[in-house]
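Structure first, commentary second.
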Amino acid sequence: MWSRRILRTSRKDFRYPPILPVVFYDGSGGWTASADFKERVYLGDVLGEYIPSFRYMVVRLSGYSNQELLDKRNELSLIMLVDKLRSAADFQTLKDIPEEYFEDISQKAPETVLKLIGKIISVLLLRLNVPKGEVEEFTDRIERREFHMLFENFEAYDVQETRRVSKAEGKAEDVLELLEELGPVPEKVREQIMKEQDLPTLSKWHKAAAKAGSVECFLEEMGLE
C-alpha cells in the first residue's frame with residue numbers, strides 16, 4: 001500500500017487535497033493582525049520565495065451565541081462553549097444545556113477525539129482558576145461519555161474573585177518568606193497575614209518586611225501583635 005501511494009503522488013497530474021487555514025480567536029477585542037501568513041513571518045521580506053504564501057480565516061468566538069453553538073451539536077462547539085466562560089453567571093448557564101446536545105456528541109465522537117476534548121477543556125478551566133480536582137472530574141466524565149452529568153455538580157466560580165484571592169495568598173506568602181529570613185514568626189501573626197485579603201495592605205506589609213531589621217520591628221511598625 002505504501003509503495004502504491006508513492007507512485008500515485010509522484011504522478012505529474014497528482015494534486016494535494018485542499019487545506020483551509022483557520023485561526024480560532026477568543027479575545028475580547030477585534031482581530032487587528034494581518035491575515036496574510038507571509039506578512040507574519042520574521043524575515044519574510046528576505047526569504048519570501050521560500051515561505052508559503054496563504055491567507056487564513058479568522059473565526060471569532062464572540063461572533064457565536066451559545067444557542068448557535070448548541071445547534072451545531074459537535075465536539076468543537078462544546079470546546080467553544082467552555083472557552084466562553086468568563087464569570088460565575090456563565091457557569092450557571094451551562095447547566096441548562098439540553099441532554100440531546102450531549103447525547104449527539106457522546107454517540108458520534110471516537111475515543112481519541114474525546115481524550116483530545118478533555119485535554120483542551122482542562123487547560124481552559126485551569127486558566128479560569130477552577131480547582132484541579134474539579135477539572136480532573138470534569139474531563140474524566142468526558143472520556144467516560146457521561147456527558148449528561150457534566151455540569152451536575154459543577155460549581156459556579158466567580159473567576160475574578162478566585163484570581164484576586166489567589167493573588168492575595170501569593171502576596172501573603174511573600175511577606176512571610178521575608179519575615180522568616182529575619183527570625184521566627186509567631187503563629188498568631190502568621191495566621192493574621194495569611195487571612196488578609198486586602199491587596200494594598202499586603203503590599204504595604206511586603207515593603208515593610210523587606211526593609212525591617214527584625215520581626216519585632218516589623219510588627220511594631222505595622223501595628224501587628
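The values are calculated or read from the model by the stated rules, or taken from the named source; none is laboratory data. No experiment lies behind these values; they were computed from the predicted model shown. Neighbour counts are summed over all protein chains in view; Cβ atoms, including those assigned to glycine, are modelled from backbone coordinates with ideal geometry. Just so you know, the surface numbers come from the protein's heavy atoms only, side chains and all, with ligands and any DNA or RNA stripped out. Shrake-Rupley method; radii C 1.70, N 1.55, O 1.52, S 1.80 Å.
Listing for the model above:
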{"read-out": "Residue count for region 44-59, restricted to those that are aliphatic (A, V, I, L, M), in a loop (DSSP other than H, G, I, E, B) and open to solvent by less than 60 Å² (accessible area, probe 1.4 Å)", "value": "1"}
{"read-out": "Members of region 60-90 that are of a type in the set (A, V, I, L, M) and open to solvent by 50 Å² or more (accessible area, probe 1.4 Å)", "value": "76, 89"}
{"read-out": "Residue that is surrounded by the most Cβ atoms within 10 Å (Cβ to Cβ), among those in region 91-139 that are free of Cβ contacts under 8 Å to residues at least 24 places away in the same chain and of a type in the set (Val, Ile, Thr)", "value": "139"}
{"read-out": "Scope region 202-221; condition polar (S, T, N, Q) and touching a helix residue (DSSP H, G or I) at 6+ places or on another chain (Cβ under 9 Å); matching residues", "value": "203"}
{"read-out": "All helices (runs of 4 or more DSSP H) inside region 118-215 with 3 or more residues being within 29 Å of residue 102 (Cβ to Cβ) and at pLDDT below 85", "value": "132-143, 159-180"}
